Amino acid sequence: MRKQIAAANWKMNLTLSQGEQLLKDIQSKPHTLGANQLAIFAVPFPYLPMAQQQLAGKQNVFIAAQNCYSKKSGAYTGEVSVEMLQSLGISYVVLGHSERREYFQESNQFLAEKINICLEYNIHPIFCCGEPLSIREANTQNAFVAKQLEESLYHLSAEQLKQVVIAYEPIWAIGTGKTATSAQAQEMHAFIREQLTAKYGAATANEITILYGGSVKAANAGEIFGQPDVDGGLVGGASIIADEFVAIINALKNN
């Protein structure tokens, strides 16, 4: 049974007190997580201990970092290592978000290095992939995403790949108010699973959770998550609104 995940990406938003209040508000609202369902909160680095404390003991709820560096330790001022994250009890880290790729020029090869060190420290990568508008308009999105998968993930064994969550982000739908239709989301998610099947076999591919990461809201989550190959969402703006994110959690499907 594949895990269904509602992952909140707070990005560079909220003060400490606002983040604390948001988590309190989310916990106060009715929501349920089934045996195969997770809620993950990717909060800014300074808030990791606060979030761990606020959500301690909550079943199927995890804290994620929004990034990490590719080296274990050393003279990399301002960076955060997976060893540091592990020492905090962090279970997940978001890697390769389109903003990291665009603003900080993170390459597929660099992300492969980050994937490797996360797995070495038993931290689950949430690996983001997806195409910008120019690629979508040229109808070359499949080849673009296939290359991201190949260059960042295909060196992994099947057992290692099972520790990875994939998040498909149509970059043209992030922060623009545009959303891929549920059919477009399903089409790309199915393509990704087909690529994984060709490389690793159907049994492994069918275990991999693939999230949709493009302007998920309470209003569209149920329709998007209802697609057979969509296993939840990596949620940006709506994740810092308690009512919205609770509704998104409740839109996860049991399969």
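The values are calculated or read from the model by the stated rules, or taken from the named source; none is laboratory data. Quick caveat, the model's predicted, so the values are computed rather than measured. Counting neighbours? That spans all protein chains shown, and the Cβs are built from the backbone with ideal geometry, glycine included. Heads up: the accessible areas ignore ligands, DNA and RNA and are worked out on the full protein's heavy atoms, side chains in. Shrake-Rupley method; radii C 1.70, N 1.55, O 1.52, S 1.80 Å.
Observations on the model:
- Check on Ala167, within 16 Å of Glu99 (Cα to Cα) and touching a strand residue (DSSP E or B) at 6+ places or on another chain (Cβ under 6 Å): yes
- Of the residues making up the stretch 212-224, just one is within 17 Å of the chain's Cα centre (by Cα) and over 18 Å from Ile126 (Cβ atoms), namely Lys217.
- Some residue of the stretch 180-191 being of a type in the set (Gly, Ala, Ser) and either surrounded by 21 or more Cβ atoms within 10 Å (Cβ to Cβ) or touching a His at 6+ places or on another chain (Cβ under 7 Å) (or both): yes
- Test: residue in the stretch 94-113 that is within 22 Å of Val165 (Cβ to Cβ) and touching a Cys at 6+ places or on another chain (Cβ under 6 Å): yes
- The stretch 123-139, residues that are open to solvent by 40 Å² or more (accessible area, probe 1.4 Å) and in contact with a strand residue (DSSP E or B) (Cβ under 8 Å, 6 or more places away or on another chain): His124
- Condition check for Ser98: in contact (Cβ under 8 Å) with a residue 12 or more places away in the chain, in contact with a strand residue (DSSP E or B) (Cβ under 8 Å, 6 or more places away or on another chain) and not β-branched (Val, Ile, Thr): yes
- Selection of helices (runs of 4 or more DSSP H) fully inside the stretch 140-255 by the criterion of at least 3 residues being touching a residue at least 24 places away in the same chain (Cβ under 8 Å) returns 141-153, 158-161, 182-200, 218-225, 242-250.
- If you go through the stretch 97-122 and keep only what is in a loop (DSSP other than H, G, I, E, B) and closer than 22 Å to Met12 by Cα, you end up with His97, Gln105, Glu106, Ser107.
- Residues of the stretch 103-113 satisfying the condition of being without any contact (Cβ under 8 Å) to a residue 12 or more places away in the chain and open to solvent by 50 Å² or more (accessible area, probe 1.4 Å): Tyr103, Phe104, Gln105
- Asn142 vs. criteria within 17 Å of His189 (Cα to Cα) and surrounded by fewer than 18 Cβ atoms within 10 Å (Cβ to Cβ): yes
- From Glu120, Glu99, Glu169, residue being open to solvent by 40 Å² or more (accessible area, probe 1.4 Å), under 16 Å from the mean Cα position of the chain (by Cα) and under 23 Å from Phe62 (Cβ atoms): Glu99
This table checks each residue for (1) open to solvent by 40 Å² or more (accessible area, probe 1.4 Å); (2) among the hydroxyl-bearing types (Ser, Thr, Tyr); (3) more than 14 Å from the chain's Cα centre (by Cα).
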site: Thr197; (1), (2), (3): yes, yes, yes
site: Ile210; (1), (2), (3): no, no, no
site: Gly226; (1), (2), (3): yes, no, yes
site: Ile240; (1), (2), (3): yes, no, yes
site: Val246; (1), (2), (3): no, no, yes
